[in-house]
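Here is the structure we will look at.
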Amino acid sequence: MYRAYQKSADIDEDLAKANELGLNCVKTMQSLLECMMRQADKVEQFKLYQRKNDALHAKYSAQTKGTVVGDDEWGHLQIDAISLFLLTLAQLTASGKFNHKN
């Protein structure tokens, strides 16, 4: 969304709005990355046993950055959502927009 807005911006106000949108996008990606990194132990367990209860969650609380459903309450793996996140993260990183230390 940020890229589309940036490409169509034709005046300074639009460029400022595009930059603000870009910063919000980076903050959101940083928060999602933090949520996923908090589940590193689950990733290690999933690598060993490939159990669905060890898969990463894809739903998080905006306030606590913790998961919002239990391992048994979510009926399927979220590989598609996590893959899309990782692809977007890679694109932002390659463009120079994303730096996890910001």
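What follows is calculated from the coordinates using simple rules that are stated; it is not laboratory data. Here the structure is a predicted model, which is why all the values come from computation and not from measurement. Reconstructed Cβ throughout: ideal geometry from the backbone, glycine too, with neighbour counts over all protein chains shown.
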Legend entry - Proximal charge balance of Tyr60 [Cβ under 10 Å; K/R count +1, D/E count -1]: +2
Legend entry - Packing-based order for 32-38, 68-74, using average beta carbon neighbours within 10 Å, highest first: 32-38, 68-74
Inset, instruction - Pop out the ³J(HN,Hα) list for region 84-95 in order, Karplus 6.51 cos²θ - 1.76 cosθ + 1.60 with θ = phi - 60°, rounded to Hz; leave Gly and Pro as x. - result: 5, 4, 5, 4, 5, 4, 5, 5, 5, 5, 5, 7
Legend entry - Gain in span if fully extended, Asp71 to Thr93, counting 0.36 nm per residue against the direct Cα distance: 4.9 nm
Legend entry - For region 2-95, alpha-carbon Rg relative to the globular expectation (2.2 N^0.38 Å, N residues): 1.34
Legend entry - Percent RCO, i.e. relative contact order, over region 2-95, from Cα pairs under 8 Å lying at least 6 residues apart: 18
Legend entry - Rounded to whole Hz, the Karplus (6.51, -1.76, 1.60) HN-Hα couplings of region 41-50, x for glycine and proline: 4, 5, 4, 4, 5, 5, 4, 7, 10, 6
